[in-house]
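Have a look at the structure below, then the notes.
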Amino acid sequence: MTFWKTIPADKYEVAVVGGGAAGMTAAITAARAGARTVLLERNDRLGRKLLMTGNGKCNLGNRDLKRSDYYSDDMAMAVSVLERFGTEETIAFFASLGLLLKEKRGYLYPVSEQAAVVLDVLRHGLERDKTEVLTGALVREIRQKGENAGKDSPADYVLQLQDGRQLWTERVILACGGQAAPGTGSDGSGYALARALGHTVIAPVPSLVQLHCSEKYCRALAGVRAEGAVRIYPSDSG
Ligand SMILES: Cc1cc2nc3c(=O)[nH]c(=O)nc-3n(C[C@H](O)[C@H](O)[C@H](O)COP(=O)(O)OP(=O)(O)OC[C@H]3O[C@@H](n4cnc5c(N)ncnc54)[C@H](O)[C@@H]3O)c2cc1C
């Protein structure tokens, strides 16, 4: 028989799985609404991918958000999300954390142009709003308590961690990221968690990718931004 170590004995109202930009924002928002919140991150630190965004400068928003920028079978949902939390709300959220933003050709950056500063204010926000943060906490399985929820158990979901620990919570927010840059922690394992809970996952496809080519001189161009036109010709060799 296996004895699971439970963390802590009490239950949470909200458990957020994934300590990236989305998870930290969700956890701060839940905690500010008064929920006892825990944030679980598999890496030993939060926000690894966030540090890479915008070449380390963190382009965290866009002044000109339009419906036509998004592609979805369910545009009503996309629009409803943007209407509830658009550019102004993003600016206000970061201002509430003490972060001022600046705009360059419609792109929003922290005034310092440092992604590390964005991560710092999010981490301070978690601390200030008393969110519990567990790092090194890889969530392997999420079980719903089903018919017995709220009766013989203190909560509706049991989160099973890779190291054997278990955690009880009333609500779960999955913020495990996609599959891009798996070295940062978001390796697509969140899709399996979502599927196991009955969600439908549309097959993910890469949308913004590197171009690889054999010419060595291109390496010097890595990271250089310029406006221009590119033509791609398929090679004969296939
Ligand atoms: C090189 C690069 C440059 C980019 N530049 C920009 C940019 O300039 N502007 C922009 O808007 N976006 C940019 N992006 C995209 C942006 O970084 C992502 O959209 C954003 O970080 C996604 O945040 P997220 O919180 O959804 O996911 P992530 O940041 O991927 O966070 C998910 C977290 O969940 C954790 N996790 C996953 N599974 C589990 C599990 N089972 N248990 C526990 N934890 C788990 C992961 O370790 C990870 O920390 C860039 C991305 C890359 C790779």
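The values are calculated or read from the model by the stated rules, or taken from the named source; none is laboratory data. All figures in this text were calculated on a predicted structure; none of them were measured in a lab. Every residue, glycine among them, receives a Cβ derived from its backbone with ideal geometry; neighbour counts consider all protein chains shown. Each accessible area value is taken on the protein alone, full model and side chains, heavy atoms only, with ligands, DNA and RNA left out. Shrake-Rupley method; radii C 1.70, N 1.55, O 1.52, S 1.80 Å.
Here are the numbers:
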| quantity | calculated |
| --- | --- |
| Tally of residues being open to solvent by 40 Å² or more (accessible area, probe 1.4 Å) and within 8 Å of the ligand (Cβ to nearest atom) across the stretch 25-48 | 2 |
| Cβ-Cβ under 6 Å pairs, at least 6 apart or on other chains, the stretch 176-188 side closer than 13 Å to Arg140 by Cα, far side more than 6 Å from the ligand (Cβ to nearest atom) and open to solvent by 30 Å² or more (accessible area, probe 1.4 Å) | Gly188/Gln179 |
| Residue within the stretch 62-78 that is open to solvent by less than 70 Å² (accessible area, probe 1.4 Å), within 15 Å of the ligand (Cβ to nearest atom) and within 18 Å of Gly125 (Cα to Cα) present | no |
| Count - residues of the stretch 161-212 that are more than 14 Å from the ligand (Cβ to nearest atom), under 23 Å from Leu46 (Cβ atoms) and under 20 Å from the mean Cα position of the chain (by Cα) | 1 |
| Within the stretch 97-124, tally of residues that are under 21 Å from Arg32 (Cα atoms) and free of Cβ contacts under 8 Å to residues at least 12 places away in the same chain | 2 |
| Condition check for Leu51: within 14 Å of the ligand (Cβ to nearest atom) and at pLDDT below 95 | yes |
| Contacts under 8 angstrom Cβ, first residue in the stretch 201-221 being more than 19 Å from Gln179 (Cα to Cα) and among the hydrophobic types (A, V, I, L, M, F, W, C), partner open to solvent by less than 100 Å² (accessible area, probe 1.4 Å) and not in a loop (DSSP other than H, G, I, E, B), 6 or more apart | none |
| Count of the stretch 104-129 residues which are surrounded by fewer than 13 Cβ atoms within 10 Å (Cβ to Cβ) and either aliphatic (A, V, I, L, M) or modelled with pLDDT of 95 or more (or both) | 2 |
| Filtered residue count, the stretch 213-228, keeping only those that are assigned to a loop (DSSP other than H, G, I, E, B), away from the ligand (no atom under 15 Å from the Cβ) and either open to solvent by 100 Å² or more (accessible area, probe 1.4 Å) or over 28 Å from Tyr70 (Cβ atoms) (or both) | 4 |
